[in-house]
1. Hey, can you tell me all the residues within the range 125-149 that are in contact with a Phe, Trp or Tyr (Cβ under 8 Å, 6 or more places away or on another chain), surrounded by fewer than 20 Cβ atoms within 10 Å (Cβ to Cβ) and touching a residue at least 60 places away in the same chain (Cβ under 8 Å)?
2. Can you name every one of the strands (runs of 3 or more DSSP E) wholly within the range 35-129 that holds 2 or more residues which are closer than 17 Å to Val147 by Cβ and either modelled with pLDDT of 75 or more or hydroxyl-bearing (Ser, Thr, Tyr) (or both)?
3. Report, by residue number, each residue of the range 150-177 that is buried (at least 22 other Cβ atoms within 10 Å of the Cβ) and either in a loop (DSSP other than H, G, I, E, B) or not hydrophobic (A, V, I, L, M, F, W, C) (or both).
Amino acid sequence: MKALTILSVFILLFISCQRSDKKVISAEFKVNRSLLSDSSFASRTGFRINPPKNWSKTENYNSELQNKVLYRTDNELLAIYKSDSTNCALIISELPETNFDIIRGLLDKSNSYPIRDSIWTNVQSSVFRYKTYEIIQIVSQNSNLIVFKLLTHRLSELYELDYIIPRSEININMQSVESSIGSLN
């Protein structure tokens, strides 16, 4: 019941970001350090994020799904973390663009994330500020999966973080995902 309440609050937070004027609002995340891995991903410019606890770095993931999840197929794959006990994953990649405003402009212009195939039945986008980051969030859903895509930048680097969570496992993983997003530095 507690996980369902947290999920509801998390979804309401991001639905509240869904204003037609795409006004950027501040977001807060409850970070539970005990739900995070001790090691973090760090880029060359200092972008850091901790994956959820027990999500181990791996060399590969479901390549077909990975191609459908990534914003562009020419993203540079930086790291993949997969849960040891569930079918969840975090894919971290760098986009070839260095201009965050171009990506944001595409969302503002189309009012939604472009759907490249029919696997997603519901796609919603929002923009929020967390710490010093302005983040584009795209939540894609179908009957089996929920993907939280976060697009953010640090200096001249533009990153994509994709949290892939089977719908059947959302309740047991939502606090870990929220803590992971909240570890962004």
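The values are calculated or read from the model by the stated rules, or taken from the named source; none is laboratory data. Bear in mind the structure is a predicted one, so any value in this text is a computation, not a measurement. Note that we place each Cβ from the backbone using ideal geometry, even for glycine, and neighbour counts take in every protein chain shown.
1. Matches in the range 125-149: Tyr130, Glu134.
2. Passing ranges, in order: 76-83, 89-95.
3. His153, Tyr159, Glu160, Asp162, Tyr163, Asn173, Ser176
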